[in-house]
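Visitor: Have a look at this one.
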Amino acid sequence: MKKYDFDTVKPRYGVGSGKWNEVEKELGRDEKIVPFSVADMEFQIAPEIRDGLCDFIQNTILGYSNPTEKYKDSVKMWQKSMHEWEIDTDWILPSHGVVDAFFSAVKCYTKENEGVILLTPVYYPMYEAIENNNRKIISSELKIVNNRYEIDYADFERKCKDKNNTMFILCSPHNPSGRIWRSEELKKLGDICNQNNVIVISDEIHNDLIMPGHKHTSYATLGKEYENNSVILTSASKSFNIAGLQTSNVIIANKDLRDKFFKYIKTTTSNPKCNIIGYKGTEIAYNEGKEWLDECINIIYKNYQLIKKFMNENYPEIEIFDLESTYLMWMDFSKLGFNYKELEEMNKKEAKLFFDEGYVFGKEGECFERWNLATPTYTIEDALKRFKKVYDNNLKNK
């Protein structure tokens with residue numbers, strides 16, 4: 001029996017929500033159409049977080065605030081209980097977001113014109129962090145084997161051996177594919193990086209959103225040699241739908257790397273910190289949110305199974321990648337014979353379906369779609385009705 005409300009959708013027009021603004025731009029304010037794009041949830045936040053923050057605001061002066069010990073203790077507790085990683089308080093540096101953190105890491109640890117390696121297709125701000133800072137994107141393309149992404153280790157090693165390539169940004173779990181990298185896969189990558197003096201920045205923001213039967217391995221838990229050559233980025237933002245609180249955790253075990261990172265961010269601001277509500281929200285989420293998160297994951301997995309069954313029965317040509325983690329389902333439409341622009345037009349204009357278009361994740365993502373599943377099940381059911389009507393008509397006329 002459900003304890004929490006995962007059925008109420010409150011349309012987010014007029015509050016700065018990019019994905020809701022897109023719906024309004026295309027259709028006007030249609031409250032029946034829920035977007036499935038940008039990676040935040042349509043679920044209401046856990047009442048423990050909501051009520052805890054209300055109480056905090058009523059009893060606290062919202063003045064300047066540095067990271068609290070309670071915030072750091074909650075991060076330590078969560079990493080140990082959820083990911084079997086015992087960290088020290090000193091290792092934690094807060095950041096306004098994981099994206100901010102890997103932008104900073106690129107500028108801190110690499111020089112202009114140096115190469116930064118990505119396993120592609122991948123989360124699109126990673127490309128921006130490299131290009132916008134005058135570094136070079138070095139793409140190591142993932143291979144699709146039996147509807148599953150696999151790493152081309154030979155290609156990855158060739159690129160690590162190039163002395164101009166000095167950083168690897170790892171997306172773990174992988175976005176957009178929902179793939180969990182196994183410990184043996186991570187070790188192979190890590191050994192290659194360690195042997196070639198390539199620093200690893202591991203974006204693990206989806207590390208709590210693990211589907212039934214799967215397990216995430218934090219890169220730093222592989223061993224001291226991996227921990228000492230890495231920067232781990234985590235946050236409660238994706239797990240608990242509190243991205244607007246602008247607080248994430250940069251965890252750096254290696255003191256030299258940590259000091260260098262802190263010294264760099266001191267060049268961009270005199271006193272690096274987040275906000276008092278973000279610290280408190282993170283603390284409450286980690287200390288009191290586990291039951292809500294477990295229920296949330298069950299809804300997400302139910303939504304995934306519903307769509308997969310629908311596609312298998314109606315459009316077996318559309319390949320649904322196994323959802324091991326995240327609430328973002330990756331779908332390959334290429335066998336239908338439409339190009340990626342036709343797909344986008346058909347989805348948005350005809351079916352009123354707002355996905356994240358696969359091409360934004362790199363050229364390898366053309367004719368793919370990313371479907372955000374963190375939404376009430378009835379919104380998925382409504383979307384599938386529109387999907388069938390439009391796709392049946394277009395396939396018949398093709």
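The values are calculated or read from the model by the stated rules, or taken from the named source; none is laboratory data. Every value quoted in this text rests on a predicted model; they were computed, and no experiment measured them. Here the Cβ is made from the backbone with ideal geometry for all residues, glycine too, and neighbour counts use every protein chain on show.
Visitor: Which numbered condition trips up K19, out of (1) in a loop (DSSP other than H, G, I, E, B); (2) touching a residue at least 24 places away in the same chain (Cβ under 8 Å)?
Guide: Among (1) in a loop (DSSP other than H, G, I, E, B); (2) touching a residue at least 24 places away in the same chain (Cβ under 8 Å), K19 violates only (1).
Visitor: Scanning for something farther than 23 Å from S172 by Cβ and not in a strand (DSSP E or B), does the range 323-333 turn up at least one residue? Lay out the reasoning, then the answer.
Guide: Step one: of the range 323-333, the residues farther than 23 Å from S172 by Cβ are 333.
Now drop any that are not not in a strand (DSSP E or B), which leaves 333.
Checked the range 323-333: at least one residue is farther than 23 Å from S172 by Cβ and not in a strand (DSSP E or B).
Visitor: Go through the range 37-89 residue by residue and tally those that are farther than 30 Å from T379 by Cβ and touching a strand residue (DSSP E or B) at 6+ places or on another chain (Cβ under 7 Å).
Guide: The number of residues fulfilling the criteria is 4.
Visitor: May I pose another question? Here is a list of conditions, (1) surrounded by fewer than 19 Cβ atoms within 10 Å (Cβ to Cβ); (2) at positive phi, and G178 meets all of them except one; can you say which number that is?
Guide: (1)
Visitor: Can I ask one more? Which of the following residues is part of a loop (DSSP other than H, G, I, E, B) and in contact (Cβ under 8 Å) with a residue 40 or more places away in the chain: K70, K32?
Guide: K32 is the lone residue from the list that is part of a loop (DSSP other than H, G, I, E, B) and in contact (Cβ under 8 Å) with a residue 40 or more places away in the chain.
Visitor: A further question on this structure: Can you tell me which residue is nearest to E42 (Cα to Cα) among those in the range 296-331 that are loosely packed, with under 15 Cβ neighbours inside 10 Å and out of contact with any helix residue (DSSP H, G or I) (no Cβ under 8 Å at 6 or more places or on another chain)?
Guide: N298
Visitor: Would you mind listing the helices (runs of 4 or more DSSP H) fully within the range 200-315 where at least 2 residues are more than 20 Å from T326 (Cα to Cα) and within 20 Å of the chain's Cα centre (by Cα)?
Guide: 276-288
Visitor: Is one or more of the residues making up the range 364-372 outside the structural domain of N146 (by TED's automatic domain parsing), surrounded by fewer than 17 Cβ atoms within 10 Å (Cβ to Cβ) and in contact with a Leu (Cβ under 6 Å, 6 or more places away or on another chain)?
Guide: no
Visitor: I'm trying to understand the selection: among the residues of the range 121-134, which are surrounded by 21 or more Cβ atoms within 10 Å (Cβ to Cβ) and closer than 19 Å to L328 by Cα?
Guide: P121, V122, Y123, M126
Visitor: Could you check the range 136-151 and list, in sequence order, the residues that are of a type in the set (A, V, I, L, M) and farther than 20 Å from K187 by Cα?
Guide: Answer for the range 136-151, where residues must be of a type in the set (A, V, I, L, M) and farther than 20 Å from K187 by Cα: I137, I138, I144, V145.
Visitor: Of all residues in the range 298-330, which are of a type in the set (A, V, I, L, M) and either closer than 23 Å to F6 by Cβ or modelled with pLDDT under 95 (or both)?
Guide: Selection gives I299, I300, L306, I307, M311, I320, L323, L328, M329.
Visitor: Is there a residue being surrounded by fewer than 23 Cβ atoms within 10 Å (Cβ to Cβ), charged (D, E, K, R) and under 20 Å from F240 (Cβ atoms) anywhere in the range 101-110?
Guide: The answer is no, given that none of the residues of the range 101-110 is surrounded by fewer than 23 Cβ atoms within 10 Å (Cβ to Cβ), charged (D, E, K, R) and under 20 Å from F240 (Cβ atoms).
Visitor: Moving on. Which residue out of V98, V38, V116 is closer than 30 Å to N134 by Cβ and in contact with a Gly (Cβ under 6 Å, 6 or more places away or on another chain)?
Guide: On the way: V98 fails: in contact with a Gly (Cβ under 6 Å, 6 or more places away or on another chain); V116 fails: in contact with a Gly (Cβ under 6 Å, 6 or more places away or on another chain).
Exactly one of V98, V38, V116 is closer than 30 Å to N134 by Cβ and in contact with a Gly (Cβ under 6 Å, 6 or more places away or on another chain), namely V38.
Visitor: Among E31, E26, E42, which is of a type outside the set (S, T, Y), at pLDDT 95 or above and not assigned by TED's automatic domain parsing to the domain that holds P94?
Guide: One residue alone meets the criteria, E42.
Visitor: Right, another one. Pick from the range 40-74 the residues that are out of contact with any helix residue (DSSP H, G or I) (no Cβ under 7 Å at 6 or more places or on another chain) and within 26 Å of S218 (Cα to Cα): which of them is surrounded by the fewest Cβ atoms within 10 Å (Cβ to Cβ)?
Guide: That would be E69.
Visitor: Another question, then. Considering the range 141-174 alone, what residues qualify as being out of contact with any Leu (no Cβ under 6 Å at 6 or more places or on another chain) and either in a loop (DSSP other than H, G, I, E, B) or outside the structural domain of H83 (by TED's automatic domain parsing) (or both)?
Guide: V145, N146, N147, R148, I151, D152, D162, K163, N164, S172, P173, H174, listed by residue number.
Visitor: Let me ask something else about it. Consider A129 carefully, then state whether it is out of contact with any Lys or Arg (no Cβ under 9 Å at 6 or more places or on another chain) and in a helix (DSSP H, G or I).
Guide: It is false that A129 is out of contact with any Lys or Arg (no Cβ under 9 Å at 6 or more places or on another chain) and in a helix (DSSP H, G or I).
Visitor: I would also like to ask the following. Among the residues of the range 334-371, write down those that are acidic (D, E) and part of a helix (DSSP H, G or I).
Guide: E342, E344, E345, E350, E364
Visitor: Can I ask one more? Return the total of residues in the range 75-100 being surrounded by 19 or more Cβ atoms within 10 Å (Cβ to Cβ) and among the polar types (S, T, N, Q).
Guide: Qualifying residue count for the region: 2.
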